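The block underneath contains the structure these notes are about, expressed in structure tokens.
The values are calculated or read from the model by the stated rules, or taken from the named source; none is laboratory data. Everything numeric here is computed off the predicted structure, so don't read it as measured data. Cβ coordinates were reconstructed from backbone atoms using ideal geometry, including for glycine residues, and neighbour counts include every protein chain displayed. All accessible areas refer to the heavy atoms of the entire protein, side chains included, with ligands and DNA or RNA removed. Shrake-Rupley method; radii C 1.70, N 1.55, O 1.52, S 1.80 Å.
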Amino acid sequence: FGLSASYIHALMAEGFVPKEHTDLSALLSISQTGSALSDAGFHYVYEAIKSDLHFNSIAGGTNINGCFCIGNLMNPVFSNELQAPGLGHPVAAYDDNGKPVFDVQGELVCEFPIPSMPLYFWNDTDGQRYHDAYFDVFPGIWRHGDYVEIHSDTGGITYYGRSDSVLKPSGVRIGTSEIYTHVQKVDSVFDSLAIGQQYHDDQRVLLFVQMKEGEKLTKEIAKEIRTTLRTLAS
């Protein structure tokens, strides 16, 4: 069964437990993509849907006609991690200096071409648009535009969302998915959106929240959200 992170988070927000409503004995695998899934979302799959399936969280794109990171039936699933790079995919996380890093967040790159990469863009006779889209940050290296962490102990990959959506208040990098992961723990919140805004020669983070039906954003809930982020986020 294929689904998105948004779908899982919507089920969680409603408190819906699928295994209590239907026979899922035939379900062997769930494949999830679309956006970064929260740590709580991984737990939800095994606790509320089915405990003995393969949860296959994948990430790639139409632009490579495939997945840079994918599941592996031979390895355990770790919460908040895609299990492994796709077979033959030389993926890495680069720091700002173009050096591979582990156990910290970096830019997802592919270090040499793979067969499913596009050769060129239509109506791009000199290749400039293609170059600017993927190769202008690290010369000769495909920069995919996602912010990830590669774990040295498990070999798994954690996605933090699009690198162009990374916030940098006071020079500190914050992946927006980390904010969403913890805001979703506030019971009265249905959905949220974090943006960066230029403010007094710096960047500040604004958080918009959509409340569940029948709920209102009170000062008490706003305080709970701030306390949750301050306590649990990096």
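Could you tell me which of the residues LEU37, LEU82, LEU53 is within 18 Å of VAL148 (Cα to Cα), open to solvent by less than 30 Å² (accessible area, probe 1.4 Å) and out of contact with any helix residue (DSSP H, G or I) (no Cβ under 7 Å at 6 or more places or on another chain)?
Being within 18 Å of VAL148 (Cα to Cα), open to solvent by less than 30 Å² (accessible area, probe 1.4 Å) and out of contact with any helix residue (DSSP H, G or I) (no Cβ under 7 Å at 6 or more places or on another chain) holds for just one of LEU37, LEU82, LEU53, which is LEU82.
Scanning for something in contact with a Pro (Cβ under 9 Å, 6 or more places away or on another chain), of a type outside the set (S, T, N, Q) and under 18 Å from ILE8 (Cα atoms), does the stretch 50-60 turn up at least one residue?
So far as the stretch 50-60 goes, yes, one or more of its residues are in contact with a Pro (Cβ under 9 Å, 6 or more places away or on another chain), of a type outside the set (S, T, N, Q) and under 18 Å from ILE8 (Cα atoms).
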Between PHE68, PHE102, which is under 28 Å from LEU167 (Cβ atoms) and open to solvent by 60 Å² or more (accessible area, probe 1.4 Å)? PHE102
Out of TYR46, TYR7, TYR94, I need the residue that is hydroxyl-bearing (Ser, Thr, Tyr) and surrounded by 16 or more Cβ atoms within 10 Å (Cβ to Cβ). Which one? TYR94
Show me the strands (runs of 3 or more DSSP E) found entirely inside the stretch 139-234 where at least 3 residues are open to solvent by 30 Å² or more (accessible area, probe 1.4 Å), farther than 30 Å from ILE64 by Cα and in contact (Cβ under 8 Å) with a residue 12 or more places away in the chain. 202-211
Quick count over the stretch 42-66, residues being touching a residue at least 24 places away in the same chain (Cβ under 8 Å) and either within 24 Å of LYS185 (Cα to Cα) or under 14 Å from the mean Cα position of the chain (by Cα) (or both), is 14
Looking at the stretch 148-158, can you tell me whether even one residue there is in contact with a helix residue (DSSP H, G or I) (Cβ under 7 Å, 6 or more places away or on another chain), modelled with pLDDT of 80 or more and of a type in the set (Asp, Glu)? no
